[in-house]
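Encoded as structure tokens, the structure appears first; notes follow it.
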Amino acid sequence: MRTLAVVKPDELDWAALAAELDEYGCALTPRLLTPDQCRELAALYDEPRHFRATIDMARYRFGAGQYRYFRYPLPEPVAALRAAFYPHLLPIARDWAARLGHPAPWPDDLEEWLARCHDAGQTRPTPILLRYGPGDWNALHRDLYGDLVFPLQVVFGLDTDYTGGEFLLVEQRPRAQSRGTVTALKQGHALIFTTRDRPVRSSRGWSAAPVRHGVSTVRTGRRHTLGLVFHDAA
């Protein structure tokens, strides 16, 4: 499988992305993957050897549709994308923690961070491949799998031939009504978004605003996405 990106994460305008994350809790990148790379990643869904579990969302009342958790070792492109994003997300994570007065337990190296997760009993890989068809959707949720959490994650759009299926982000603002953000995730682009909460200014300084994400109903076609979570699961 080809692994070279159209634009490498090192080449992104991270100052602009950080500012967008500060403003909205999510930030859309330029195209990072070619159409061929997207199709190859989506095709992995039909190769069960790559996955440790398949989740039927309707069964668990998570929505409708399916997703599959990758097993270790991750397919090389998935591992490479996870490793390439981590060092750029890390300064944002540490900045947010500093504003909120929270610990920042994330080391410089992704493998060291994952080792800490494993030492804490969070040993199961969390990158996922999701598949939606007509009528499928994903309920608002947060991807928290244990006590150790990385505060940002990334999702890649892999398809073009569908309607609906917009990415939803809902922020519960302190002492105010919730705010929703909708993003159409184009093929090959990545959306960076907050995992659990984000810092927002308040009359008392900084407060943590809880955030949940989901996917609106797919109306036509098939929608695949690749999700990268940077902490492992218990």
Of the residues Ala176, Leu129, Ala18, the Cα lying farthest along the dipole of the chain towards its positive end, which is defined by charges on the beta carbon of Lys, Arg, Asp and Glu, belongs to Ala176
For 64-77, 36-49, ranked highest to lowest by mean beta-carbon neighbours within 10 Å, the order is 64-77, 36-49
In terms of the alpha carbon gyration tensor, root eigenvalues a ≥ b ≥ c, rounded if a/c is under 1.5 and otherwise prolate when a/b exceeds b/c or oblate, region 1-82 is oblate
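Send over a whole-number figure in Å² for the accessible area per residue of the chain, probe 1.4 Å.
On the way: 11020 Å² over 234 residues.
In whole numbers, the chain has 47 Å² accessible per residue.
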Note: Gln177 to Arg52 extended length (0.36 nm per residue) minus current alpha-carbon separation gives 41.1 nm
Phi-derived 3J(HN,Hα) across region 69-82 with the Karplus relation (6.51, -1.76, 1.60, θ = phi - 60°), rounded Hz, x for Gly and Pro, is 7, 5, 9, 7, x, 5, x, 3, x, 5, 4, 5, 5, 4
Taking R0 as 22 Å and r as the Cβ-Cβ distance between Ala97 and Ala120, the FRET efficiency 1/(1 + (r/R0)^6), rounded to the nearest 0.05, comes to 0.75
Interchain or sequence-distant (5+) residues whose placed amide H lies within less than 5 Å of the amide H of Thr195 are Leu152, Gln153
Phi-derived 3J(HN,Hα) across region 40-47 with the Karplus relation (6.51, -1.76, 1.60, θ = phi - 60°), rounded Hz, x for Gly and Pro, is 5, 5, 4, 5, 4, 4, 8, 10
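For Thr220, Thr126, what's the largest-to-smallest order of accessible area, 1.4 Å probe?
Values: Thr220 70, Thr126 0 Å².
Correct descending sequence by accessible area is Thr220, Thr126.
Using the Cα gyration tensor of region 87-234, with a ≥ b ≥ c the square roots of its eigenvalues, what is the shape: rounded (a/c below 1.5), prolate (a/b larger than b/c) or oblate (neither)? Working shown, then result.
Numbers: a/c = 2.17, a/b = 1.29, b/c = 1.68.
Oblate.
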Given 101-113, 163-175, 184-196, the highest-first ranking by average Cβ count within 10 Å works out to 184-196, 163-175, 101-113
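May I ask you to order 115-123, 79-87 by the average number of other C-beta atoms within 10 Å around their residues, highest value first?
Numbers: 115-123: 15.2, 79-87: 18.7.
Those peptides, ordered most packed to least, come out 79-87, 115-123.
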One finds the C-alpha centres of region 74-114 and region 170-234 to be spaced, in Å, by 17
For region 214-219, in residue order, the Karplus 3J(HN,Hα) values (coefficients 6.51, -1.76, 1.60; θ = phi - 60°; whole Hz; Gly and Pro = x) are x, 9, 6, 4, 6, 8
Relative contact order of region 91-178 (C-alpha contacts under 8 Å, at least 6 apart) in percent is 25
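Which whole-number percentage describes the relative contact order of the chain, with Cα contacts under 8 Å and a sequence gap of 6 or more? List each step's numbers first, then the result.
Values: 492 pairs, mean separation 64.5, N = 234.
Contact order relative to length: 28 percent.
How much length is gained if the chain between Arg59 and Thr163 is pulled fully straight, taking 0.36 nm per residue apart and subtracting their Cα-Cα distance, in nm to one decimal?
Values: separation 104, 0.36 × 104 = 37.44 nm, distance 2.41 nm.
Full extension of this stretch gives 35.0 nm more.
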Nearest-0.05 FRET efficiency for Arg71 and Ala104 at R0 = 25 Å, using Cβ-Cβ distance, is 0.25
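Charges only on Cβ, +1 for Lys and Arg, -1 for Asp and Glu: so what's the dipole of the chain about the Cα centre, in debye to the nearest 20? Write down the numbers at each step before the final one.
Details: 29 positive and 27 negative charges, 173 e Å.
Using Cβ point charges on Lys, Arg, Asp and Glu, the chain gives about 840 debye.
The values are calculated or read from the model by the stated rules, or taken from the named source; none is laboratory data. Keep in mind that this is a model prediction, so the values were computed, not measured. Note that each Cβ is placed from the backbone with ideal geometry, even for glycine, and that neighbours are counted across all protein chains shown. The protein model used for the area step is the full one, side chains on, heavy atoms only, and it has no ligands, DNA or RNA in it. Shrake-Rupley method; radii C 1.70, N 1.55, O 1.52, S 1.80 Å.
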